[in-house]
Amino acid sequence: MDRITLGNDEFEGRNNAYVLADGDDLALVDTGIATADVRDELREGLTERGYEFADVDDIVLTHFHVDHSGLAGEIQAASDATVYVHGADAPLVEQDADAVDALEQRRREYLDSWGVPDDAQAELLSFLDATAHIEGDPADVTPIEDGTTLEVGGRRLETVHAPGHAAGLCCFEIDGGDEAFVGDAILPVYTPNVGGADVRVERPLEKYLTTLETIAERDYDRVWPGHRDPIDDPTGRARTIADHHRDRTANVLAVLRNHGPADPWTVSAHLFGDLEGIHIVHGPGEAYAHLDHLRHEGIVEREGDEYRLLEPEADLDGLAPTIDAGCRG
Ligand SMILES: [Zn+2]
Ligand SMILES: [Zn+2]
């Protein structure tokens with residue numbers, strides 16, 4: 001797969017834009033953030049391949065996060081490209097005022113209910129203000145959904161909805177075959193944030209574990225993530241991340257056993273220590289995702305903004321869903 005590696009100091013590390021080209025037929029999967037440096041990197045990458053922004057016919061976005069969608073609007077303005085993203089994320093890529101307001105309000109409500117102190121909330125807001133410029137211009141979006149087939153850049157992409165990290169996150173299976181683009185559904189180094197990265201997602205951990213199961217079941221030979229290098233054992237990586245979440249669930253229970261009842265900010269402090277920048281929402285969001293999952297499983301209960309252990313000796317192996325050996329067919 002042909003990828004252009006893009007800088008990104010703000011979020012999970014360097015981003016990938018993938019180039020699908022068949023003569024004049026040119027498509028990008030993700031675009032990187034809208035900074036001058038990244039714009040130059042992407043433009044130079046296309047130039048090396050004999051293209052410019054104006055030649056792009058289609059832009060396929062894995063999800064709304066700005067490190068994936070940032071330059072889409074600008075490239076669309078230069079090329080009249082069609083921009084595809086899942087319907088759940090489309091209003092945010094279009095920067096629809098109501099959708100943006102609703103997201104910000106929901107984040108404020110969550111930060112309050114998670115017990116995030118005022119000074120940490122103020123620090124988060126100043127970080128978000130300082131990085132607002134990387135969002136770029138709005139794009140006109142053609143919404144897609146699970147199962148949508150796209151014929152772009154000489155390839156056939158099948159959309160596989162993979163919510164959790166973001167409501168509209170999608171993987172794209174390439175030519176009905178053994179490889180896929182996965183955005184931030186699984187990453188080679190980090191565990192994608194769940195709970196804070198998109199506060200619109202209901203029951204985020206459960207959705208994400210189902211997504212990991214989907215990826216494992218499809219048993220790809222290789223996948224192409226939104227950050228860093230390709231993953232040659234996607235099924236193994238999905239299982240490793242699921243195991244990691246199981247360990248984290250056990251750690252959350254241990255915090256409640258030793259320090260509970262506690263709100264997500266307190267649980268987060270025991271898990272992750274001091275937080276800064278975007279982690280001020282990612283840390284307690286992740287703690288919340290686990291506490292919410294445990295609440296639905298009847299292992300903890302919520303009292304006001306605090307969570308209390310109901311079953312100190314909970315059997316985590318019984319927590320649904322679990323990942324079995326993935327085998328396609
Ligand atoms: Zn993301
Ligand atoms: Zn990302």
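The values are calculated or read from the model by the stated rules, or taken from the named source; none is laboratory data. Quick caveat, the model's predicted, so the values are computed rather than measured. Every residue, glycine as well, gets a Cβ built from its backbone with ideal geometry; the counts of neighbours run over all protein chains shown. Side chains are part of the model used for accessible areas, which takes the heavy atoms of the whole protein and leaves out ligands, DNA and RNA. Shrake-Rupley method; radii C 1.70, N 1.55, O 1.52, S 1.80 Å.
Condition (residue is crowded, with 16+ Cβ neighbours inside 10 Å and either in a loop (DSSP other than H, G, I, E, B) or in contact with a helix residue (DSSP H, G or I) (Cβ under 6 Å, 6 or more places away or on another chain) (or both)) applied to segment 100-110: is it met by at least one residue? No - not one qualifying residue is present in segment 100-110.
Quick one: how many residues across segment 4-23 are open to solvent by 60 Å² or more (accessible area, probe 1.4 Å) and at pLDDT 95 or above?
To start, the set of residues in segment 4-23 that are open to solvent by 60 Å² or more (accessible area, probe 1.4 Å) comprises 5, 9, 14, 22.
Add one more test, that the residue is at pLDDT 95 or above, and what stays is 22.
Going through segment 4-23 one residue at a time, the tally reaches 1.
Have a look at L42, L6, L26, L61 and point out the one that is within 16 Å of ligand 1 (Cβ to nearest atom) and in contact with a Gly (Cβ under 7 Å, 6 or more places away or on another chain). Criteria check complete, one pass: L6.
In the set (1) touching a residue at least 60 places away in the same chain (Cβ under 8 Å); (2) among the hydroxyl-bearing types (S, T, Y); (3) over 18 Å from G285 (Cβ atoms), T131 fails one condition alone, (3). When V182, V201 are screened for being within 30 Å of A102 (Cα to Cα), aliphatic (A, V, I, L, M), in contact with a Lys or Arg (Cβ under 8 Å, 6 or more places away or on another chain) and within 16 Å of ligand 2 (Cβ to nearest atom), only V201 passes. Within segment 169-207, the set of residues being of a type in the set (F, W, Y) and more than 22 Å from L124 (Cβ to Cβ) comprises F172, F181. Summed over segment 176-194, the residues that are within 17 Å of R248 (Cα to Cα), of a type outside the set (S, T, Y) and open to solvent by 10 Å² or more (accessible area, probe 1.4 Å) give a count of 2. Is it the case that some residue within segment 307-321 is open to solvent by 40 Å² or more (accessible area, probe 1.4 Å), at pLDDT 95 or above and of a type outside the set (V, I, T)? Yes: one or more hits. Residue-level analysis places A78 among those that are touching a residue at least 24 places away in the same chain (Cβ under 8 Å) and small (G, A, S). With respect to the conditions (1) part of a loop (DSSP other than H, G, I, E, B); (2) of a type outside the set (D, E); (3) surrounded by fewer than 20 Cβ atoms within 10 Å (Cβ to Cβ), G32 falls short on a single one, namely (3). Within segment 203-234, the set of residues being in a helix (DSSP H, G or I), open to solvent by less than 10 Å² (accessible area, probe 1.4 Å) and within 17 Å of E173 (Cβ to Cβ) comprises T211, L212, I215, A216, P234.
Looking at R218, R200, just one residue is over 19 Å from N16 (Cβ atoms) and within 14 Å of ligand 1 (Cβ to nearest atom), and that residue is R200.
Quick one: in segment 112-159, which of the residues that are under 23 Å from D305 (Cβ atoms), small (G, A, S) and touching an Asp or Glu at 6+ places or on another chain (Cβ under 7 Å) is surrounded by the most Cβ atoms within 10 Å (Cβ to Cβ)?
The selected residue is G115.
Restricted to segment 44-98, and to residues there that are in contact with a His (Cβ under 8 Å, 6 or more places away or on another chain) and assigned to a strand (DSSP E or B), the residue that is surrounded by the most Cβ atoms within 10 Å (Cβ to Cβ) is V85.
Would you check if there is a residue in segment 264-275 being open to solvent by less than 70 Å² (accessible area, probe 1.4 Å), of a type in the set (S, T, Y) and modelled with pLDDT under 95? Scanning segment 264-275 turns up no residue that is open to solvent by less than 70 Å² (accessible area, probe 1.4 Å), of a type in the set (S, T, Y) and modelled with pLDDT under 95.
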